[in-house]
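Scroll down for the structure; my scribbles are underneath it.
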Amino acid sequence: MIKLGARIINYQEKIVQFKVFAYNKKNISVIIEIKGTQYQIPMHENHNIYSVVVPITDLDKEYDCKTTNILYGFKIEGKIYPDPYSSYQPGGVHGLSQLIAQEKYCWTDQNWQGRNQGKLIIMEIHVGTFSESGNFKGIINKLKYIKELGVNTIELMPVNQTPGRWNWGYDGTGLFSVNHNYGTPDDLKELIDHCHRENMGVILDVVYNHFGPEGNYLPVYGPYFTEKYKTPWGPAVNYDDEYCEYTRQMVLDNIHYWLEDFHLDGLRLDAVQTIKDESKPHILKEITDTSDEIAQKLNRHIHIIAETDENDVKLINPPEKGGYGIDAQWMDDFHHCVHTVLTGESEGYYIDYGRLNDFEKVYKNYLYTGEYSKYLDNNRGTDAVENPGKQFVVAIQNHDQVGNRAGGERLTKLVESPYLKVAAGLMLFSAYIPMLFMGEEYGEENPFLFFTDYQDPELQNLVTEGRKKEFSSFTWQDVPDPQAEESFYKSKLTTRENWQDKNHKLFNFYRDLIKLRTTHPVLKKLNKKKLSVNVNKENKLIKIARWNEKTRLTAYFNLGKRAVNITDTSGKKIFDSNRKSYRITDEIKENYTVIDRSNMPEKTNVEYAEDKLITIHAGQMLLFEQKNIP
């Protein structure tokens, strides 16, 4: 395998190798900058690969890889460009690259073997808005909080270098560059190392379907893009046209980079339906093969998770069934079912959802398994009923579904407090992998807006106007400007010190329900086949049963606006979302008077459901356990 980029190949002799792919170019040089002085060194070409080996002490006798920063770039046709394989861009997407001594970080996670996929409890995090400091160290400082909640895996939105001070991360132009706004590559390694010490996994969101528009110098180097296909971002990334082998190798090198050099536990692949590849094997199959090889070599669990809106089991089916073997995928159908029933929204793609009886299917399968979609004006989906629950990641909020609303409103702003708990219960009681979006666990009310900091004036105008056009199928008004500083600052999470009582109570609810999810023998097994769902459309009541061996759990979720009496309960009540430690004052607005239990003592023992009516209030979740079932 040809290793591109800049690498220290001899630490003792302080020798660095520079290597780059440049198609049909001549007279390429590497520009090396040390302590403000630049040196130009010609490179040697061999089949479009240019390389040179440089003893750094010839340029700086006092060079120390730990304390001396070496900046470099490649001079092509009179201009200097950053390295496509750059690990770090301290001056941003347009600046010189920095040589990083990857092997010098001292890891402490030698005994880490990763987390079993079926036991993942994920929190999606945007580094810049998650903490006050907005960097990797800020996450380290909140790891005890995350662990207290019960989350055992964090999923970082992309950390590649992007233009300016802030970005969601999907406008990166270098697959390998760690965003200097968040810290150095070693800072990221330190975060991952700390997570592993806390028995917590780390998944990284990576983008292989497009590159950002500002600072994208890949076309200078060669045919990394193709006109064969058109995507929302322009020409497609070249996975099957002439010289595609260099693009494919760059992606596979990136898999090795993140999983081996950074010890990551998995990768989430952004919008894989927009990856265009008609060759065999498909690049997605090569990604999973590479990941499997690394997992076997390192003897630890590694998870590849795909984002897609196509409901296509080919992604997650094994090769013997004609699939790509990806470990899991996001299931948007689950989110849309919960969201539309709770909010009543029916615009845009939500037009295909909103029926309560859809829950009977979506707990065991995609909702769309070949049926007609009004929004797409086409049939959509395949049948996933035989695929295990651990192959699907579900959420009631995520960066897409929140941030791609014009106002970035979280569910907290769309429904009353009890329904936040009902929504969380529906997710955590499922036989799928649950994923929280940072802040939902305490009812964050700040929006998560779309924000950018492009430096190019033309792009600044395009993103502002484009954002307004994006919502043409919705009636949302007053679209915030992504380029405005306030769009970023408004999206910052509220510090725990500034929480209100309702935030603490919702956090208690999430914490306790996650603990039940991870410890109860029924909920720990993600078995869709030992699950049943029944809905009462008139009262908007959902009954879900799950069982394992001789134990059955039955949960009731009241999504309606009025109390409902239920009689078919059995066993003991082991969870109640209206428990005093979860109940928010004046949160329930039913069409009858709610009994005030605020002065009653907290019940510590379980309650047994007898042969009598049990009232489940609007926005309430009740969970019963029955043992020794036949």
Check segment 534-556 and report whether any residue there is in contact with a Leu (Cβ under 8 Å, 6 or more places away or on another chain), under 25 Å from Q500 (Cβ atoms), surrounded by 15 or more Cβ atoms within 10 Å (Cβ to Cβ) and at pLDDT 95 or above.
no
I need the strands (runs of 3 or more DSSP E) fully contained in segment 1-106, keeping only those with at least 3 residues that are modelled with pLDDT of 95 or more.
15-21, 29-34, 37-42, 49-55, 70-76, 79-81
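Taking segment 15-28 as the region of interest, how many residues are open to solvent by 10 Å² or more (accessible area, probe 1.4 Å) and either touching a helix residue (DSSP H, G or I) at 6+ places or on another chain (Cβ under 9 Å) or closer than 15 Å to G73 by Cα (or both)?
Of the residues in that region, 6 qualify.
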Looking at segment 370-429, which of the residues that are of a type in the set (K, R) and farther than 15 Å from E310 by Cβ is surrounded by the most Cβ atoms within 10 Å (Cβ to Cβ)?
K421
Top-ranked residue of segment 242-277 - restricted to ones that are among the charged types (D, E, K, R) and touching an Asp or Glu at 6+ places or on another chain (Cβ under 8 Å), ranked as farthest from E293 (Cα to Cα)
K276
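Let's see how each residue does on (1) in contact with an Asp or Glu (Cβ under 8 Å, 6 or more places away or on another chain); (2) in contact (Cβ under 8 Å) with a residue 40 or more places away in the chain; (3) open to solvent by 10 Å² or more (accessible area, probe 1.4 Å):
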residue: L188; (1), (2), (3): no, yes, no
residue: D193; (1), (2), (3): yes, yes, no
residue: H196; (1), (2), (3): yes, yes, yes
residue: N199; (1), (2), (3): no, yes, yes
residue: I203; (1), (2), (3): yes, yes, no
residue: V207; (1), (2), (3): yes, yes, yes
residue: P213; (1), (2), (3): yes, yes, yes
residue: N216; (1), (2), (3): no, yes, yes
residue: P223; (1), (2), (3): yes, yes, yes
Out of the residues in segment 566-584 meeting the condition of being in a strand (DSSP E or B) and buried (at least 16 other Cβ atoms within 10 Å of the Cβ), tell me which one is modelled with the lowest pLDDT.
I566
Looking at segment 78-99, can you tell me whether even one residue there is over 28 Å from W166 (Cα atoms), open to solvent by 70 Å² or more (accessible area, probe 1.4 Å) and either of a type in the set (D, E) or over 37 Å from the mean Cα position of the chain (by Cα) (or both)?
no
Elements of type strands (runs of 3 or more DSSP E) contained in segment 371-457, each with 3 or more residues being touching a residue at least 24 places away in the same chain (Cβ under 8 Å):
392-394, 433-437
Is there any pair linking a residue in segment 304-317 that is more than 11 Å from F392 (Cβ to Cβ) and open to solvent by 50 Å² or more (accessible area, probe 1.4 Å) to one that is in a loop (DSSP other than H, G, I, E, B) and not hydrophobic (A, V, I, L, M, F, W, C), with Cβ under 8 Å and at least six apart or on different chains, and which?
E310/G381; K314/G322; K314/G323; K314/Y324; K314/T382
Hey, among E440, E444, which residue is within 27 Å of K390 (Cβ to Cβ), within 19 Å of the chain's Cα centre (by Cα), at pLDDT 95 or above and of a type in the set (D, E)?
E440
Inter-residue pairs, beta-carbon under 6 Å, first without any contact (Cβ under 8 Å) to a residue 60 or more places away in the chain and in segment 107-135, second surrounded by 20 or more Cβ atoms within 10 Å (Cβ to Cβ) and not acidic (D, E), 6+ apart:
V127/Y182; N135/Y182; N135/G183
Output yes when any residue across segment 280-299 is of a type in the set (K, R), assigned to a helix (DSSP H, G or I) and under 21 Å from the mean Cα position of the chain (by Cα), and no when none is.
yes
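The values are calculated or read from the model by the stated rules, or taken from the named source; none is laboratory data. Just so it is clear, the model here is predicted, and its values are computed rather than measured. Heads up, the Cβs are rebuilt from the backbone with ideal geometry, glycines too, and the neighbour counts pull from every protein chain shown. For the accessible areas, the whole protein counts, side chains as well, though only heavy atoms, and no ligand, DNA or RNA atoms are used. Shrake-Rupley method; radii C 1.70, N 1.55, O 1.52, S 1.80 Å.
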